[in-house]
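Worksheet for the structure shown next.
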Amino acid sequence: MDLAKVERFRDEIRLKTLQELHHLGFGHYGGSLSIIETLAVLYGDVMQVDPDDPAWEDRDYFILSKGHGGPGLYAALAVKGYFPQEMLYTLNQNGTKLPSHPDKNLTPGVDMTTGSLGQGVSAAVGVALSHKLSSRNNRTFCIVGDGELNEGQCWEAFQFAAHHKLHDLFVFIDDNKKQLDGPTKDIIDPIDFAAKMDAFGFYVYKVDGSDVAAIHQAISQGISQKEKPVAIVLDTIKGQGVRYLEELADNHHIRPNETDTAAIEQAIYELETKLQQEVRG
Amino acid sequence: MISTVYEKEKREMRQVYAETILELAKANPDVIALEADLMSAITTNKIKAEIPNQLINSGIMEANMMGVAAGLSLTGKIPYVHTFGQFATRRTYDQLFVSGGYAKTNIKILGSDAGITAEHNGGTHMTFEDIGLMRLVPQAHVYEASDSTMLGYLLRRIEKEYGVHYIRTIRKNAIKLYEENETFEDGKGKLLRDGEDITIIATGIMVAEALQAADILEQHGIHAAVIDMYSIKPIDAELITEYAQKTKAIVTAENHNVIGGLGSAVSEVLAENHPVSMYRIGVREQYGQVGKVDYLKTYYKLSDRDIAEAAIKLFAR
């Protein structure tokens, strides 16, 4: 992996996510930002995909089960070249191709319609099963939220994936420790995702979800094993990469006030400057 | 075209399902049957034995099974999902609605043990709502198979038609209605018996009851037309309107709640096209219970006599 390249890709996705949501004026900042590093590693290095041919048969599949992270995914797809970046400013506008929750029938590069929590995991398992049944090597990547794991369907899907030894399935748990109504430990304490996934029959890696090198390393290790599906527990922060948003208490869905707006604009300015300097440097 | 002896078939509907899916799966490696631990109830274990890669038993996890089916469809597979009707619809409704209908995936669903035919499984397993639920899924096709010829034909036909298809059926022996060469189009009903005085529109096990009711009515000098409306959505609005114009009144008959099912669908067509007097035979504001089909038929007023009585009252109005 070219670390510098993936980190630049990450910065571009984060910048585009912020610009996209800032343009709309409100939205799911917290959970979009916490998955940026993972999206950068997947779309910037790991996944075999072709933006000019989103339906390419030999592609790897990506399903964002935590559908409310859609704005982050759209930014990654736009930076990758699936559609023009200006399209990001149509997020949630009437008649848009970018609804807040992904719709596979609207957006180039979106593999599955998600948003009703828990369902994307099962669809990802179905895709991985299909490839296994057909003796194909396509990989399936799925990001699920820590709050989303309240849904029993996820645990059904994990049992099923382990039973069928779907080793080309990679489940990322975005452990950002907050759900809509507050900290996950106060609502449904997850206790220990890594131990649970291990008990459910997965290979488990626990990584710093803000560290692209660490995420990449975990995926590489997961790829090298051929027995069980892979779970990567991402230690993340809701609002990740923007200090002000990380520290904001209620950051699942933000309707920014003046102070918030100034902080978001400052973060956009800093990322723009950083990327320009990299281009010059 | 149709038999008039009202005799039970030798082949059970579950055998028809298992044998047809086995035939389809052998011919097409993309056909995958999914079960949620009811393989032995529907006799698909023979598929598991012959082509194990094309029958996936998900275990008792219907919501996940529906999502897995959607995932299989994303990669070009043709999943046939079976479980009892209430699990296939009530239990997985958001999954089949979002990952199925809304996501525009290709899922074939068989809901077995329709209505009172769940018999000794009782109220928890007795679905009087599945037609209604499935009618509310945009673009979903909803059928109720009335005999083995029809079930086999529908299962084969929908393999070639993309989208969410729901077939409701009983699991055991139906009354023989159709010869082996009969065909069943999407959005069409079958006129099984013509008549000028009143029309009975029925589905599933109620088709045979409707034919028997027509015999009773004949003794009262009332000539009843009988239609098998196996395609509940899309529904044959043309045929319904034609018979509303031709006969004096319409009785619908279904092994389902009168709300949301065939009776609702027919009344919607009539209200918009040609309102006539009608009565809906079906379950009214009640839950299921254990019992034999004959007992339950009487209890829920689903017998040929109930249909005939309703028709006589309507005709006399």
Item to check | Residue count for the stretch B:94-108, restricted to those that are more than 7 Å from chain A (Cβ to nearest Cβ) and free of Cβ contacts under 8 Å to residues at least 60 places away in the same chain | outcome: 5
Checklist entry - From B:A88, B:A70, B:A41, B:A114, which residue is among the small types (G, A, S) and more than 25 Å from B:K172 (Cβ to Cβ)? => result B:A70
Checklist entry - What about B:N121, is it of a type in the set (S, T, N, Q) and without any contact (Cβ under 8 Å) to a residue 60 or more places away in the chain? => result no
Next on the checklist: So, B:D186, is that one touching a strand residue (DSSP E or B) at 6+ places or on another chain (Cβ under 7 Å), buried (at least 22 other Cβ atoms within 10 Å of the Cβ), modelled with pLDDT of 95 or more and away from chain A (no Cβ under 14 Å) or not?
Outcome noted: no
Next on the checklist: Yes or no: the stretch A:84-100 includes at least one residue that is touching a Lys or Arg at 6+ places or on another chain (Cβ under 6 Å) and of a type in the set (D, E, K, R).
Outcome noted: no
Checklist entry - Which ones in the stretch B:251-279 are closer than 21 Å to B:Q86 by Cβ and of a type in the set (D, E, K, R)? => result B:E254
Checklist entry - Any idea which of (1) under 22 Å from the mean Cα position of the chain (by Cα); (2) without any contact (Cβ under 8 Å) to a residue 60 or more places away in the chain; (3) farther than 20 Å from B:R168 by Cα is the one B:V5 doesn't satisfy? => result (2)
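Can you tell me how many residues in the stretch A:129-143 are small (G, A, S) and facing another protein chain (nearest Cβ under 8 Å)?
Final tally of qualifying residues: 2.
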Checklist entry - For the stretch B:111-119, does any single residue satisfy the condition of being surrounded by 24 or more Cβ atoms within 10 Å (Cβ to Cβ) and within 11 Å of chain A (Cβ to nearest Cβ)? => result no
Next on the checklist: Suppose we filter the stretch A:113-128 for residues that are more than 7 Å from every other protein chain (Cβ to nearest Cβ), farther than 23 Å from A:K226 by Cβ and crowded, with 24+ Cβ neighbours inside 10 Å; how many remain?
Outcome noted: 3
Checklist outcome for this item: Taking the stretch A:169-222 and keeping only residues that are in contact with a Lys or Arg (Cβ under 8 Å, 6 or more places away or on another chain), touching a residue at least 60 places away in the same chain (Cβ under 8 Å) and of a type in the set (V, I, T), one is left with A:V212
Checklist outcome for this item: Residues of the stretch A:1-53 being touching a strand residue (DSSP E or B) at 6+ places or on another chain (Cβ under 7 Å) and over 26 Å from A:E265 (Cβ atoms), in sequence order, are A:L42, A:M47
Checklist outcome for this item: Every listed condition ((1) closer than 25 Å to B:N257 by Cα; (2) of a type in the set (A, V, I, L, M); (3) in a helix (DSSP H, G or I); (4) in contact with a Phe, Trp or Tyr (Cβ under 9 Å, 6 or more places away or on another chain)) holds for B:I158 save (1)
Next on the checklist: Just the residues that are among the β-branched types (V, I, T), more than 16 Å from B:D215 (Cα to Cα) and over 18 Å from the mean Cα position of the chain (by Cα), please, taken from the stretch B:278-315.
Outcome noted: B:V290, B:T298
Item to check | Candidates B:Y166, B:Y153, filtered to the one that is surrounded by fewer than 23 Cβ atoms within 10 Å (Cβ to Cβ), closer than 18 Å to B:I21 by Cα and under 16 Å from the mean Cα position of the chain (by Cα) | outcome: B:Y153
Checklist outcome for this item: Being buried (at least 24 other Cβ atoms within 10 Å of the Cβ), out of contact with any His (no Cβ under 9 Å at 6 or more places or on another chain), over 22 Å from B:T105 (Cβ atoms) and not hydroxyl-bearing (S, T, Y) narrows A:A76, A:A162 down to just A:A76
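Taking the condition of being assigned to a helix (DSSP H, G or I) and either in contact with a strand residue (DSSP E or B) (Cβ under 9 Å, 6 or more places away or on another chain) or hydrophobic (A, V, I, L, M, F, W, C) (or both), how many residues in the stretch B:249-276 meet it? Reasoning before the result, please.
From the stretch B:249-276, those assigned to a helix (DSSP H, G or I) are B:262-273; that's our starting set.
In the following step, the residues that additionally are either in contact with a strand residue (DSSP E or B) (Cβ under 9 Å, 6 or more places away or on another chain) or hydrophobic (A, V, I, L, M, F, W, C) (or both) were identified as B:262-267, B:269-271.
Summing the residues that are assigned to a helix (DSSP H, G or I) and either in contact with a strand residue (DSSP E or B) (Cβ under 9 Å, 6 or more places away or on another chain) or hydrophobic (A, V, I, L, M, F, W, C) (or both) in the stretch B:249-276 gives 9.
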Next on the checklist: I need a count of the residues in the stretch B:216-239 that are in a helix (DSSP H, G or I) and free of Cβ contacts under 8 Å to residues at least 60 places away in the same chain.
Outcome noted: 5
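The values are calculated or read from the model by the stated rules, or taken from the named source; none is laboratory data. All values derive from a computational prediction rather than experimental measurement. As a convention, Cβ positions derive from the backbone with ideal geometry for all residues, glycine included, and neighbour counts pool all protein chains shown.
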